[in-house]
Amino acid sequence: MTGLTLERSEFLVLMDAVKAPAVVGLDTASLVPTNQEQHKALVLEGLEKLKQRGLLRVDGDVNVLDARLLALAAAVGRPDVAVITRKDTPGLGSQLFLHYLAPPLIVEQTLPSERQHRLVPLEDMPTLIERLLAILPVQESRALPNEHGVMPMDVFLAMKAQAESGDRVGAQSLARQSGLSATGADSLPRCQAASDRVSESTVTIRRVVSGAKPMRAKKRWRSASWVTAATT
């Protein structure tokens, strides 16, 4: 399976199947309806859609998911480690990339639209690193290797605020006080001002603690029993 795009209802069926306590990187309150009947209707819709796509069959009162899809769901719903990458680019908005490590599986989740989930298995750790570098490429910079300075945090924040507001003279003055040369003092505020215009991105790595209860509406509704092993 090279990757699969799921509707929200289908995704909730998968999380129900693996009894996921939450989905790291996504807000449970916006993911799962708090109303029991709404949750029930959404899961029933997802079950029907997965059946139509040949990804689920019913054997008596047991739902049996496609083995490869169930493996992806288990990695997303119960990972050992999760990597959350948020890329904010002016003019393009915010992009969220979620990676779940549940050895031997690594799964990427992205959101093509507000109510769609794209799951893609990655081959190994080197592939994950390459993927992260593609999302947040390392930018080459023209360094000034002989420049050194010491700046207290409050002074740095003041310099950064001045640079971003366009007060280059004030920012350069603070930079000079840290021990930088005129060239270095001119370069540092430029870099700080430019960083806000280009992109603000974050990468968070979380080790996931197991044992939490499955995410749910106030009263748990289960559609049927599940085959929890990878069975086709």
Worksheet entry | Unique match (being among the hydrophobic types (A, V, I, L, M, F, W, C), at pLDDT 75 or above and not in a helix (DSSP H, G or I)) among 169, 203 | 203
Worksheet, complete the sentence: Every listed condition ((1) surrounded by 14 or more Cβ atoms within 10 Å (Cβ to Cβ); (2) farther than 16 Å from residue 202 by Cα; (3) touching a helix residue (DSSP H, G or I) at 6+ places or on another chain (Cβ under 7 Å); (4) not small (Gly, Ala, Ser)) holds for residue 115 save (1)
Worksheet item: Of the residues in the stretch 76-105, how many are out of contact with any strand residue (DSSP E or B) (no Cβ under 6 Å at 6 or more places or on another chain) and either surrounded by fewer than 17 Cβ atoms within 10 Å (Cβ to Cβ) or over 22 Å from residue 22 (Cβ atoms) (or both)?
Response: 8
Worksheet item: Out of all the residues in the stretch 55-65, is one or more of a type in the set (Val, Ile, Thr), touching a residue at least 40 places away in the same chain (Cβ under 8 Å) and under 25 Å from residue 208 (Cα atoms)?
Response: no
Worksheet item: So, in the stretch 118-129, of the ones that are assigned to a helix (DSSP H, G or I) and not aliphatic (A, V, I, L, M), which residue ends up surrounded by the most Cβ atoms within 10 Å (Cβ to Cβ)?
Response: 127
Worksheet item: Can you find even one residue in the stretch 17-36 that is without any contact (Cβ under 8 Å) to a residue 60 or more places away in the chain and over 21 Å from residue 208 (Cα atoms)?
Response: no
Worksheet entry | Selection status of residue 155, modelled with pLDDT under 90 and in a helix (DSSP H, G or I) | yes
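The values are calculated or read from the model by the stated rules, or taken from the named source; none is laboratory data. Just so it is clear, the structure is predicted and the values come from calculations on it, not from any experiment. Note that we place each Cβ from the backbone using ideal geometry, even for glycine, and neighbour counts take in every protein chain shown.
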